[in-house]
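The values are calculated or read from the model by the stated rules, or taken from the named source; none is laboratory data. These figures come from a predicted structure and were not determined experimentally. Cβ atoms come from the backbone with ideal geometry, glycine included; neighbour counts cover every protein chain shown. Ligands, DNA and RNA are stripped out before the accessible areas are found, and what is left, the full protein with its side chains, is counted by its heavy atoms. Shrake-Rupley method; radii C 1.70, N 1.55, O 1.52, S 1.80 Å.
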Amino acid sequence: MTNVTVTATHRRRGLLTAMMRADLDAAVGRGEALAILDAAEYGIYGRFGFGPCTGMTAYTIDVRRSGGLRPDLPAPTGSLELIGMAEVRKYGPELHERFRRGQVGAIDRPSEVWRQITGELRHPAHPDWKEPAAVLHRAPDGTPDGLALYSVDDVWRHGESHDTLTVQDLFAVGDTARTELWRYLFSVDWISTVKAANVAPDDPLPLLLRNPRACVPHEDTVADWIWLRVLDVPAALSARTYDAPGRLVLDVADRMGYTAGRYVLETRQDGAEVRGLVSPAAEGEPADLALDVSQLGTLYLGAQTAHRLAAAGLVREERPGAAARADRLLRTDARPWCPDGF
């Protein structure tokens, strides 16, 4: 389903509930452990068990005020190359797949999306597509490890350029490539403003600048983006990794009935390998944390902490210290981010 709405003449008849039930039943029938969507309205999908699980940030940067990137950053390594759209289609998919596998919350890009990005396939919603510029970063061994697509307007006032560079897409495998792409974008001639529409919530961009105050979040920045719904608690919790060994008993409520129950989460660490072991709790074993499945969706990728959700009354500690223990188990190194829509 996409772009779903109910006309004013057919509201309060349970149509959305029926559609969601059919959609989730089909996902369960396929053996899916998780479902995701993006929500136009915050208050709708929590009642179907979805919780916000990724965030995004948009920045406007005054280039002159920013002073550019800090001079004490490591010297550039690798190389930068301006490429055309055919080369974007050549290098982009494999590079994005490597990036996606290291970025919590990212999803894959089908080939049709790459064709739309590069203008080979025109999307009806974007009839005025214009070819962007593209810059590829290569590691010292020549392997592509970063890509940025951008456009530049042409604005002159009082005999001086006031051009804006808009970053349409930027992703990289590793900090070095990402920093070098930002360095390049801030060095384009005649640019007075850089706009980045979708940046990871913890992207270091402001801290790369001489003056981070010049990097201003947009007023209309969307705080949440992807929403996640757990359909199979044991399968979902077994599929992710954990930083620390531990044990947590979860009491999960689910008004739609897919996941309601009590679960034991046990994580064990053997060197650098972490295994998630989940099984139904023995009858009578007390829970550590009680929560709705929608809050489990929010915790699953590390979008929020259990401590913060408990403070807001969205999860309940059944044992003292359970929220802190959950946070130690469920934390992720980087905050979840999805640079793609669907």
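Got a number for carbon plus sulfur as a percent of the chain's accessible area, 1.4 Å probe?
Details: 9120 of 17980 Å².
Carbon with sulfur: 51 percent of the solvent-accessible area.
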With the calculation restricted to Cα positions, what are the radius of gyration and Dmax of the stretch 40-96 in angstrom? 19.9, 51
Could you work out which residue, out of Pro245, Pro93, Pro140, moves most in a Gaussian network model of the chain, that is, has the largest mean-square fluctuation with Cα springs under 10 Å? Pro140
Listed highest first by mean packing, meaning other Cβ atoms within 10 Å per residue, what order do 10-16, 22-28 come in? 22-28, 10-16
Once amide hydrogens are built 1.01 Å from N within the peptide plane, the residues lying 5 or more places from Leu121 or on another chain with amide H under 5 Å from its amide H are Gln116
Percent of Cα-Cα pairs per 5 Å bin, from 0 to the last occupied bin, for the stretch 68-219, please list those. 2, 8, 17, 21, 21, 17, 10, 4, 1, 0
Along the charge dipole of the chain, which of Val4, Gln103, Met256 sits closest to the positive end, that is, farthest toward it, with unit charges on the beta carbon of Lys, Arg, Asp and Glu (+1, +1, -1, -1)? Met256
Let's see if you can work this out: charge +1 on each Lys and Arg Cβ, -1 on each Asp and Glu Cβ, no other charges. What is the dipole magnitude of the chain about its Cα centre, in debye to the nearest 20? 580 debye
Any idea what angle helix 85-102 forms with the longest principal axis of the chain, computed on alpha-carbon atoms, 0 to 90 degrees, nearest 10? 40 degrees
Taking θ as phi - 60°, what are the ³J(HN,Hα) couplings along the stretch 103-115 by the Karplus curve (6.51, -1.76, 1.60), each to the nearest whole Hz, with x for Gly and Pro? 10, 4, x, 6, 10, 7, 10, x, 4, 4, 5, 5, 5
From the alpha carbon gyration tensor of the stretch 25-70, can you work out the equivalent ellipsoid semi-axes (sqrt of 5 times each eigenvalue) and give them in Å, largest to smallest? 40, 14, 7
Scattering profile of the stretch 83-153 at q = 0.18 Å⁻¹ [log10 I(q)/I(0), Debye over alpha-carbon scatterers]: -0.76
Over all viewing directions the Cα convex hull of the stretch 150-227 casts an average projected area in nm² of 6.4 nm²
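Antiparallel versus total DSSP beta bridges in the chain: what percent is that, nearest 5? Present the calculation step by step, with values, prior to reporting the outcome.
Numbers: 55 of 64 bridges.
Within the chain, antiparallel bridges account for around 85 percent of the total.
Please report, in debye to the nearest 20, how large the charge dipole of the stretch 1-154 is about its Cα centre when each Lys and Arg carries +1 at its beta carbon and each Asp and Glu carries -1 there. Each step should come with its number before you reach the end.
Values: 19 positive and 20 negative charges, 127 e Å.
That gives a dipole near 600 debye.
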Roughly how many nanometres apart are two label points built 7 Å out from the Cα toward the Cβ at Ala8 and Ala244? 5.4 nm
Semi-axis lengths, Å, the chain, gyration tensor of Cα atoms, sqrt of 5 times eigenvalues: 40, 25, 20
Along its principal axes, what span do the Cα atoms of the stretch 282-335 show, with the longest given first and each in whole Å? 36, 20, 19
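What per residue convex hull volume, in Å³, do the alpha-carbon atoms of the stretch 1-80 yield?
It is 236 Å³ per residue.
Considering all alpha-carbon pairs of the stretch 23-125, what whole percent are spaced by more than 18 angstrom? Intermediate results must be reported in sequence, preceding the final value.
On the way: 3857 of 5253 pairs.
Tail fraction, whole percent: 73.
Excluding His162 itself, calculate the net charge of residues whose Cβ lies under 12 Å from the Cβ of His162, where each Lys or Arg counts +1 and each Asp or Glu counts -1. Write out the running numbers ahead of the final one.
Values: positive: Arg64, Arg157; negative: Asp62, Asp153, Asp154, Glu160, Asp163.
With Lys, Arg at +1 and Asp, Glu at -1, the net is -3.
How many Å² of accessible area per residue for the chain, probe 1.4 Å? Don't skip to the answer; put the middle values down first.
Working: 17980 Å² over 342 residues.
Per residue, the chain has 53 Å² of solvent-accessible surface.
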Keeping all protein chains in position, work out how much accessible area Arg328 exposes to a 1.4 Å probe, and write it in Å² to the nearest 10. 140 Å²
